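S.K.: Next up is a structure, given as structure tokens.
The values are calculated or read from the model by the stated rules, or taken from the named source; none is laboratory data. Here the structure is a predicted model, which means the values were calculated and not measured. Here the Cβ positions follow ideal geometry from the backbone for every residue, glycine too, while neighbour counts run over all protein chains shown. Ligands, DNA and RNA are stripped out before the accessible areas are found, and what is left, the full protein with its side chains, is counted by its heavy atoms. Shrake-Rupley method; radii C 1.70, N 1.55, O 1.52, S 1.80 Å.
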Amino acid sequence: MWLDGSAWDGVVPELVALGHHPVPLTFPGQGDGAASATLDDQLGVALAAVDAAPGKPLVVGHSAASTLAWLAADARPERVAKVPLIAGFPAADGRAYADHFAIEGGAVLFPGWEPFESADAADLDQQARDRFASTAIPVPEAVTREVVRLTNEGRFDVPVVVVCPEFTPAQAKEWIAAGESPELARATHLQYVDLDSGHWPTTTRPRELARVLSEAANS
């Protein structure tokens, strides 16, 4: 939400130094001015990257885009090696992609820091907050309100790494056991990794996040 591929600028060189070939994506409607973009448009970009990758890539999703990564696994279970999900759980089939925030003028604007004044933003200094807010990209309504459709049972066999920044692995396990993530409750291979960070480790802990992703790729 509200970010383009540049959100990964701190992580990419760390991954390259560790011998990987990261491909950060900017999605339709979030960086290219396509205000009418849909979730299907965004999924198309993700799938094109999966199809173009040599071998079987990891598909990494952050926050709301954990659902986008999971949709890619649903569409290409045989092509995706693993799905690391950072600070987010995939929406279930039949649920809206990301309907947590109000629509204004056909888009979801960055709501300011009040909704995140807890562990989410605790490690973001004022400079980082100001930079985020000033560059935040409105997310098209058609993306956030589109209904998620998952159809391929093969997705449950794709290994998942739940990266836990502002919450702990114990909390994530408890939430999944309580039914808060029906999709991950059915995942066959589920791993949890703790990361001492707020909600945006791409900004505050890029090196540590790169190491987590590198270990996921190599295991």
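S.K.: Within the bounds of region 94-107, is there any residue that is within 20 Å of Asp157 (Cα to Cα) and free of Cβ contacts under 8 Å to residues at least 40 places away in the same chain?
M.R.: No, every residue in region 94-107 fails to be within 20 Å of Asp157 (Cα to Cα) and free of Cβ contacts under 8 Å to residues at least 40 places away in the same chain.
S.K.: A further question follows. Before we move on, is Ala216 part of a helix (DSSP H, G or I) and either within 14 Å of His62 (Cβ to Cβ) or out of contact with any Phe, Trp or Tyr (no Cβ under 9 Å at 6 or more places or on another chain) (or both)?
M.R.: yes
S.K.: Before we move on, is Ala217 open to solvent by 30 Å² or more (accessible area, probe 1.4 Å) and without any contact (Cβ under 8 Å) to a residue 12 or more places away in the chain?
M.R.: On the way: open to solvent by 30 Å² or more (accessible area, probe 1.4 Å): yes; without any contact (Cβ under 8 Å) to a residue 12 or more places away in the chain: no.
Considered against the rule, which asks whether it is open to solvent by 30 Å² or more (accessible area, probe 1.4 Å) and without any contact (Cβ under 8 Å) to a residue 12 or more places away in the chain, Ala217 comes out as no.
S.K.: Moving on. Output the residues belonging to region 157-205 that are among the hydrophobic types (A, V, I, L, M, F, W, C), part of a loop (DSSP other than H, G, I, E, B) and out of contact with any Phe, Trp or Tyr (no Cβ under 6 Å at 6 or more places or on another chain). Outline the logic, then answer.
M.R.: Looking only at region 157-205, we keep the residues that are among the hydrophobic types (A, V, I, L, M, F, W, C), and these are 158, 160-164, 167, 170, 172, 175-178, 184-185, 187, 190, 193, 195, 200.
Next, only the ones that are part of a loop (DSSP other than H, G, I, E, B) stay: 158, 167, 178, 187, 195, 200.
Passing the criteria: Val158, Phe167, Ala178, Leu195, Trp200.
S.K.: Hey, another quick one. Tell me yes or no: at least one residue of region 173-180 is aliphatic (A, V, I, L, M), over 29 Å from Ala37 (Cα atoms), open to solvent by less than 30 Å² (accessible area, probe 1.4 Å) and within 19 Å of the chain's Cα centre (by Cα).
M.R.: Filtering region 173-180 for residues aliphatic (A, V, I, L, M) gives 176-178.
In the following step, the residues that additionally are over 29 Å from Ala37 (Cα atoms) were identified as 176-178.
With the extra rule that they be open to solvent by less than 30 Å² (accessible area, probe 1.4 Å), the set shrinks to 176.
Applying the additional criterion that residues be within 19 Å of the chain's Cα centre (by Cα) yields 176.
Yes, that holds for at least one residue.
Yes/no matrix, rows are residues, columns are (1) open to solvent by 60 Å² or more (accessible area, probe 1.4 Å); (2) free of Cβ contacts under 8 Å to residues at least 40 places away in the same chain:
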{"site": "Val148", "(1), (2)": "no, no"}
{"site": "Pro165", "(1), (2)": "no, no"}
{"site": "Pro169", "(1), (2)": "no, yes"}
{"site": "Glu183", "(1), (2)": "no, no"}
{"site": "His189", "(1), (2)": "yes, yes"}
{"site": "Tyr192", "(1), (2)": "no, yes"}
{"site": "Asp196", "(1), (2)": "yes, yes"}
{"site": "Glu208", "(1), (2)": "yes, yes"}
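S.K.: Okay, moving on. Report, by residue number, each residue of region 181-197 that is over 17 Å from the mean Cα position of the chain (by Cα) and farther than 21 Å from Tyr97 by Cβ.
M.R.: Those that are over 17 Å from the mean Cα position of the chain (by Cα) and farther than 21 Å from Tyr97 by Cβ: Thr188, His189, Asp196.
S.K.: Same structure, new question: Just give me the residues in region 61-108 being among the hydroxyl-bearing types (Ser, Thr, Tyr), at negative phi and within 10 Å of the chain's Cα centre (by Cα), in sequence order.
M.R.: At the first step, the residues of region 61-108 found to be among the hydroxyl-bearing types (Ser, Thr, Tyr) are 63, 66-67, 97.
Among the residues that remain, those that are also at negative phi are: 66-67, 97.
The answer is Ser66, Thr67.
S.K.: Moving on to the next point. Taking helices (runs of 4 or more DSSP H) that fall entirely within region 39-145, which contain at least 2 residues that are surrounded by fewer than 15 Cβ atoms within 10 Å (Cβ to Cβ)?
M.R.: So the answer is 39-52, 126-135.
S.K.: Now for a separate question. Looking at this structure, is Gly154 without any contact (Cβ under 8 Å) to a residue 24 or more places away in the chain and either outside any helix (DSSP H, G or I) or surrounded by fewer than 20 Cβ atoms within 10 Å (Cβ to Cβ) (or both)? Talk me through it step by step, then tell me what you get.
M.R.: Working: without any contact (Cβ under 8 Å) to a residue 24 or more places away in the chain: no; either outside any helix (DSSP H, G or I) or surrounded by fewer than 20 Cβ atoms within 10 Å (Cβ to Cβ) (or both): yes.
So Gly154 fails the test.
S.K.: Given the criteria open to solvent by 30 Å² or more (accessible area, probe 1.4 Å), of a type outside the set (Val, Ile, Thr), over 17 Å from the mean Cα position of the chain (by Cα) and more than 25 Å from Gly179 (Cα to Cα), does Pro24 qualify? Can you show your working first?
M.R.: On the way: open to solvent by 30 Å² or more (accessible area, probe 1.4 Å): yes; of a type outside the set (Val, Ile, Thr): yes; over 17 Å from the mean Cα position of the chain (by Cα): no; more than 25 Å from Gly179 (Cα to Cα): yes.
Against the criterion (open to solvent by 30 Å² or more (accessible area, probe 1.4 Å), of a type outside the set (Val, Ile, Thr), over 17 Å from the mean Cα position of the chain (by Cα) and more than 25 Å from Gly179 (Cα to Cα)), Pro24 does not qualify.
S.K.: While we're on this one: Identify all residues within region 110-134 that are of a type outside the set (D, E, K, R) and in contact (Cβ under 8 Å) with a residue 40 or more places away in the chain; write none if there are none.
M.R.: To start, the set of residues in region 110-134 that are of a type outside the set (D, E, K, R) comprises 110-113, 115-116, 118-119, 121-122, 124, 126-128, 132-134.
Across region 110-134, the qualifying residues are Phe110, Phe116, Ser118, Ala119, Ala121, Ala122, Leu124, Ala128, Phe132.
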